Amino acid sequence: MTKNQIEINPECPLPFSANERVTLGHGSGGQLSHQLLTELIYPYFDNPILATGHDSALLSIGNQRLAFTTDSFVVSPLFFPGGDIGKLAIYGTVNDLAMSGAKPLYLSCSLILEEGLPMNTLSTVLASMSHTAEESGIKLVTGDTKVVEKGKGDGIYINTSGIGVVAHDICIAPQQIEKGDLIILSGDIGRHGMAVMAMREGLTFDNPLNSDCAALSDPIQSLLNEGIVIHCLRDLTRGGLATALVELSESAEKTFLVEETAIPVSDAVTGACEMLGLDPCYVANEGRFIAFIPAAQAEAALTLLRNHSVSATSCIIGSVDEGNKSQVVYKTTMGSERLMQRLPGEQLPRIC
Amino acid sequence: MKYMHEYRQADTIKQLADKIADVTSQPWTIMEVCGGQTNAIVKFGLQQFLPSHIELVHGPGCPVCVTPVDIIDNAIDIAARPNVIFCSFGDMLRVPGSAKDLQSVKAEGGDIRIVYSPMDALKLAQKHPDKEVVFLAIGFETTAPANAMAAYQARAKGINNFSLLTSQFLVPPAIEAMCQSPQSRIQGFLAAGHVCTIMGYESYPQLAEKYGVPIVVTGFEPLDILQGIFLCVQQLEQGRSEVENQYSRVVSQQGNVPAQQMITEVFECQSQSWRGIGHIPHSGLRLRETFRPFDAGQKFGLPDRISSANSTDDTTGCISGEIMQGLKKPCDCIHFAKQCRPESPIGAPMVSSEGACAAYYRYATFNESVAFNKRATAQTSEKTAKRRDQ
């Protein structure tokens, strides 16, 4: 090799062609996001903690187990029925911590503000963040603020990172999912995505459609406190229920059976989805999760979850089948069966 | 939900499936014309309720799929220009042109907006009088009235910075072209319910009679489609070739007359190229002379190749034409679920929610997709193995 030749590092291949650009689909949480992560981003930072692909990184420091996570929020509009960007910025990070079974403790917050943003809007968002953090039992302890030129932001972008303590010693991970586990869904799906979309598109409904955004740590902590052996948890965000199930079946190398009749969807969401040609299973949520629980404990888990308003309508939507084929078999209301796939690209632009 | 769950109930579906099985004595091949029907068939796994010797083949009724490459290239040309706001239905953004798609133009800085109606684009034109606002007006007889109305109102209100890049198709000439094809295996048609909502079905009896094929105007819910199949099979078994209206709760024989008048006022018939299928005489619409100032192709000085037989061929290796004429299934394509996936489509049917390939990919049914299944599993385990190796 001559001096002038560029050395190519084979561990960091560029899987995308040189003239390709980032599209909105790469942020959808579906197949394109997955490709961006696994083919471009992960190879640069490869390490065993990152490779687990959890919502939070689990860190051992001395005898203490901690969960650490980060999330950015670029939602438009900033305010929508049932929530706002400030609420989402707290709940998103709290929920990522909760999904590892951690008790959320501390948050950082970075604000990227666009020149010209009314101070009034900013203070409304901050008040909402403050209230939500207090309600979630988490303290915002450090932060940063930057301002970008007018036209280079969308009012407010927020990044939050969070730390939580893992007080239990069970391992909550896709690899723990076992044949016979029951799949519990914490409530009806698709309300956040459709509330944002309806607001954006000026759609109105007889029964107003509110986002489901909420903190999920309390119901999870009750399960753990009562000795429920949670095998796996996943909050449903971009990509919806279908994408979460497909991702977990791949990581767990297991077959899931899911019943359409068991999945609660409100009439307003069903109607809006039918009208816009969307599938509720792919619509975003901000306050819903799925839990994989051993069948013997499923009833007890349901009773505990139903004591919390955020998971009051929890129900069993399916089970883990035998065999190690990574697939999600979806049984329709009519009794026919098909396979679920991840959301391929973009179903809605920037909803969380 | 009212008027939806009633059409998806397991017991009524089962009763109808039994009736179809009872009436079927031999193999039949039936085409559902509309992509919306294809999507419902695959999404709800309706083939699972049919006797194995009834084959459903998927028709050309997906506007995104049949829009010619030349139109996409013209759209890309216009959308990349400064001072243009280019409006489109969302699906069109990812349809490959000869070199790239509209989504790439957007990522490169083109002002491309997703709208749900041409009237939204017209409002944008009023709001931005200093910009040229162009709407990509694609579709069948279903979208034609709204597109016509946009041009009509633009002229009436003098909104001269608005124009339409049109690619409008007509269904009956396409059905006739398929009936005339010597390769055709189609023995009966489920006509597209929504197209008939606008146009009625008075033009169908002569087709049914001339080519000896039953045509059943059919809706989009699982029960509609199974009932359409039942009526079609019943006719085939009895040796009849008539027009029946399964979707009578929506479709009348005359259709929506004011909508038809609006179409006729603004558009005139022309020959049209269909992507993957080719040139079909009298199968398209273009703006009439009096509305030409609102024709984006003319306004931006772009070549019109879609009304001639010299349109650009799709050279990507996509077999959409054969799929949409019922000659092949998505799984027969060597690119299906390999190079051609929804996130990196080679052909338009992998893009649109009404495209047969996208439906097969997204809703691969449990029994029909063994080959696809194996491929997907192999790829997953390959990826997992790679991850482990790293």
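Coordinate-derived values only; no laboratory data. Keep in mind the model is a prediction, meaning the values are calculated, not measured. Cβ placement follows ideal geometry from the backbone for every residue including glycine, while neighbour counts extend to all protein chains displayed.
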Rounded if a/c is under 1.5, else prolate if a/b beats b/c, else oblate: with a ≥ b ≥ c from the C-alpha gyration tensor eigenvalues square-rooted, which is region A:158-263? prolate
Could you pull the Cα extents of region B:161-203 along its three principal axes, largest to smallest, in whole Å? 47, 23, 14
Using a ≥ b ≥ c from the Cα gyration tensor of chain B (square roots of the eigenvalues), is it rounded, prolate or oblate, where a/c under 1.5 gives rounded and otherwise the larger of a/b and b/c decides, a/b for prolate? oblate
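Expressed as cubic angstrom per residue, what is the convex hull volume of the alpha carbon set of region A:58-165?
Spread over its residues, the Cα hull of region A:58-165 gives 98 Å³ apiece.
Per DSSP H run of at least 4 residues, take -39500 (n - 2.57); add these up for chain A, divide by its residues and hand me the 222 nm value, nearest 500 deg cm²/dmol.
-8000 deg cm²/dmol
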Hey, which aspartates and glutamates would be in cross-link range of B:Lys299, C-alpha to C-alpha under 20 Å, not counting anything within fewer than 8 residues on its own chain? B:Asp70, B:Asp73, B:Asp77, B:Asp111, B:Asp130, B:Glu132, B:Glu268, B:Glu289
When the convex hull of its Cα atoms is projected in every direction, mean area for region A:174-339 (nm²): 9.4
Can you tell me what the convex hull of the Cα atoms of the protein assembly as shown projects to on average, as an area in nm²? 35.3
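Determine how many Å³ per residue the convex hull of the Cα atoms of region A:270-333 encloses.
Spread over its residues, the Cα hull of region A:270-333 gives 136 Å³ apiece.
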If I model a spin label as a point 7 Å beyond the Cα along the Cα-Cβ vector, how far apart are those points for B:Glu289 and A:Met119 in nm? 6.5
Which whole-number percent is the relative contact order of chain B (Cα, under 8 Å, 6+ apart)? 21
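Under the classification rounded if a/c is under 1.5, otherwise prolate if a/b is larger than b/c and oblate if not, where does chain A fall, given a ≥ b ≥ c as square roots of the Cα gyration tensor eigenvalues?
Rounded shape, in that the Cα axes give a/c under 1.5.
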Zone of B:Asp22's modelled label, taken as backbone nitrogen in region B:210-231 under 19 Å from a point 7 Å along Cα→Cβ: B:223-231
Could you work out, residue by residue across B:107-117, how many beta carbons of other chains sit within 10 Å of that residue's beta carbon, and then give the average as an integer? 2
Subtracting the Cα-Cα distance from 0.36 nm times the residue separation, let me have the gained length for B:Asn83 to B:Glu6 in nm, one decimal. 22.8 nm
Given Cα pairs under 8 Å that are at least 6 residues apart, what percent is the relative contact order of region A:174-339? 44
What helices does chain A hold that run 20 Å or longer along their axis, going by alpha-carbon atoms, with a Kyte-Doolittle average of -0.5 or more, using DSSP H for the helix calls? A:119-135
Say the cut-off is 26 Å between C-alpha atoms; which of A:Lys331/B:Lys14; A:Lys150/B:Lys127; A:Lys103/A:Lys179 go over it? A:Lys103/A:Lys179
Between A:Lys179 and A:Glu322, what is the label-to-label distance in nm when each label sits 7 Å out along the Cα-to-Cβ direction? 0.5
